[in-house]
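The values are calculated or read from the model by the stated rules, or taken from the named source; none is laboratory data. Because the structure is a prediction, the values reported are computed rather than measured. Cβ atoms come from the backbone with ideal geometry, glycine included; neighbour counts cover every protein chain shown. Each accessible area value is taken on the protein alone, full model and side chains, heavy atoms only, with ligands, DNA and RNA left out. Shrake-Rupley method; radii C 1.70, N 1.55, O 1.52, S 1.80 Å.
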Amino acid sequence: MVLTTLFFLAACSQQGNNTQQLQAQIDSLQHKLDNTYKPGFGEFMSSIQVHHNKLWFAGTNNNWKLADFEINEIQEALNDIQQFNTDRPEARAIGMINPAIDSVNNAIKQQNKSLFKSSYTLLTNTCNNCHKATEHEFNVVTIPSHPPTSNQSFKPVQ
Ligand code: HEC
């Protein structure tokens with residue numbers, strides 16, 4: 001009887017040590033997670049800015065494959081904001097851009113340049129509407145006059 005009790009107590013104290021060790025490991029992993037690099041809202045936006053620009057030159061050159069690629073890159077960055085920038089209340093406003101993205105997607109599917117231009121204008125206006133809604137009205141997006149780089153062709157590949 002005494003022996004059984006001793007075994008029981010020994011087992012309990014062993015378990016206590018294990019729990020402490022596990023907690024220390026969890027704390028250390030949490031610390032690592034908290035300090036892991038993740039891009040900020042502004043970095044995602046700067047990438048969206050480049051794809052927004054390229055999208056215009058893709059669509060106006062009837063390069064529908066590239067246009068499709070660029071609108072998907074914008075969509076991915078918007079998804080990333082929702083996943084990685086949950087600490088920013090502005091992330092909750094992202095959904096307001098969905099109808100404009102759908103509209104651009106539809107124009108690309110139809111390979112319709114005039115529909116593309118009007119959807120692109122709607123997209124650009126929605127970017128600015130969200131900037132106004134999130135007190136970033138000083139970030140004004142426009143229809144681009146030049147591509148962002150000189151080393152990419154926007155003509156469709158024959
Ligand atoms: C959720 C609403 C929202 C939508 C939709 C949105 N933005 Fe933004 N944008 C922001 C916020 C908030 C910032 C400020 C980010 C920061 O804190 O650095 C920003 C910043 C920017 C910047 C400045 C980045 C910099 O650091 O210089 C650009 C450029 C930009 N957005 C482009 C766009 C474009 C292009 C679109 C549309 C395709 C768009 N944004 C759609 C909220 C939005």
**Request:** Report, to the nearest 10°, how far helix 98-110 tilts away from the longest principal axis of the Cα atoms in the chain, using its own Cα long axis and a range of 0 to 90°.
**Result:** 50
**Request:** May I ask for the angle, rounded to the nearest 10°, between helix 113-133 and the longest principal axis of the chain, with both axes built from Cα atoms and the value confined to 0 to 90°?
**Result:** 50
**Request:** Set the Förster radius R0 to 41 Å, insert the Cβ-Cβ distance between residue 142 and residue 28 as r into 1/(1 + (r/R0)^6), and round the FRET efficiency to 0.05.
**Result:** 0.30
**Request:** Restrict the search to the range 49-158; then list the GluC sites (Glu not before Pro) that DSSP places in a loop and that have at most 10 other Cβ atoms within 10 Å of their Cβ.
**Result:** 135
**Asked** Just by accessible area at a 1.4 angstrom probe, what is the order of 141, 157, 104 from largest to smallest?
**Response** 157, 141, 104
**Fill in**
Ignoring ligands and nucleic acids, residue 29 exposes an accessible area, probe 1.4 Å, in Å² to the nearest 10, of 110
**Request:** Evaluate E = 1/(1 + (r/R0)^6) for residue 118 and residue 158, where r is the Cβ-Cβ distance and R0 equals 25 Å; express this FRET efficiency to the nearest 0.05.
**Result:** 0.35
**Overall form of the range 108-158 per C-alpha gyration tensor (a/c, 1.5; a/b vs b/c)** = oblate
**Prompt:** Which pairs in the list 54/109; 54/113; 54/117; 65/117; 38/155; 117/155 are over 25 Å apart, alpha-carbon to alpha-carbon?
**Reply:** 38/155
**Prompt:** Using alpha carbons only, how many degrees (0 to 90, rounded to 10) separate the axis of helix 64-84 from the longest principal axis of the chain?
**Reply:** 30
**Request:** Be a star and scan the range 51-85 for residues whose amide nitrogen sits under 19 Å from the point 7 Å along the Cα-to-Cβ vector of residue 150.
**Result:** 54, 57
**Charge context of residue 104, other residues only, Cβ under 11 angstrom, K/R +1, D/E -1** = -1
**Message:** Let me make sure I get this right: for the range 64-142, a, b and c are the square roots of the gyration tensor eigenvalues over alpha carbons, sorted descending. Under 1.5 in a/c it's rounded, otherwise prolate if a/b > b/c, else oblate. Which is it?
**Reply:** oblate
**Fill in**
For the range 43-158, the dipole about the Cα centre with charges only on Cβ (Lys and Arg +1, Asp and Glu -1), to the nearest 20 debye, works out at 540
**Message:** Based on DSSP loop calls and a cut-off of at most 14 other Cβ atoms within 10 Å, the longest stretch of the chain free of exposed chymotrypsin sites (Phe, Trp or Tyr not before Pro) is what?
**Reply:** 38-137
**Request:** Rounded to the nearest 500, what is the 222 nm mean residue ellipticity of the chain from helices alone, with -39500 (n - 2.57) per DSSP H run of 4+ residues and division by all residues?
**Result:** -24000 deg cm²/dmol
**1.4 Å probe accessible area per residue over the range 64-142, in Å²** = 58
